[in-house]
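Report on the structure given below.
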Amino acid sequence: MRAVSAFHRWRLTAFSGGRHRIGRDFLCNGHLTLSGPGSIVVGDHVNAWARAERNVLQTFSGGAVIEIGDNVRLNGAGVQAASAVRVGRDCILGSCTLVDTDHHAVGVERRAPGAAPETAPITLEENVWVAGFATVLKGVRVGRDSVVGFGAVVSSDVPAGVVVAGNPARVVRHLYAQEGDVPGR
């Protein structure tokens, strides 16, 4: 397993011109694609050993950044950045989508020449779990210890220590004993 992971670590970074960095103890079975002109930084102890879907980390501009923190588990995640997507340490990303851009203008001016799409960074704080088929949209911050439920569409900030579900996502459960309580920290 270590030899396979070492080969894929080399393959993913060797030809990136220094734009891609992968930390120590990286696990991967080859179901990971890093692409685009921006930079992608993967922390230490990241597990990208995907079962069915590929993990795809893609930037759309030279200034775009994707940062994956230490001890993150990627299992079929799609992360797309036109500006920045930051995933904190100890997060779990199922077969979800994180996208910080509309890809095209959505306002009434959308057909005007040069109409620019909106972009806004996404941040997942520490220990966030984004379940399968969930989508986190531009400008969202998901608070530490929170869970984004299966198939949820998150278009606004999520507080710490909650479970959100639905479209649009809304809080369906509090995980802390008292609001503002952060266990073990």
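No value in this document is a laboratory result; all are computed from the given coordinates. Note that this is a predicted model, so its numbers are computed, not measured. Note that each Cβ is placed from the backbone with ideal geometry, even for glycine, and that neighbours are counted across all protein chains shown.
Computed values, structure above
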item	result
Efficiency of FRET between Val41 and Asn167 - r from beta-carbon atoms, R0 30 angstrom, step 0.05	0.45
Efficiency of FRET between Ser155 and Tyr176 - r from beta-carbon atoms, R0 25 angstrom, step 0.05	0.60
Projected label distance in nm at Ala52 and Val108, using a 7 Å step from Cα toward the beta-carbon	4.3 nm
Per-bin percent of Cα-Cα distances, the chain [5 Å]	2, 9, 16, 21, 18, 15, 10, 6, 3, 1, 0
Packing-based order for 124-133, 29-38, using average beta carbon neighbours within 10 Å, highest first	124-133, 29-38
Sequence-separation-based contact order of the chain, relative, with Cα cut under 8 Å and 6+ spacing, percent	11 percent
Ranked Val172, Val108, Val42, Val163, criterion: other C-beta atoms within 10 Å, fewest first	Val108, Val172, Val163, Val42
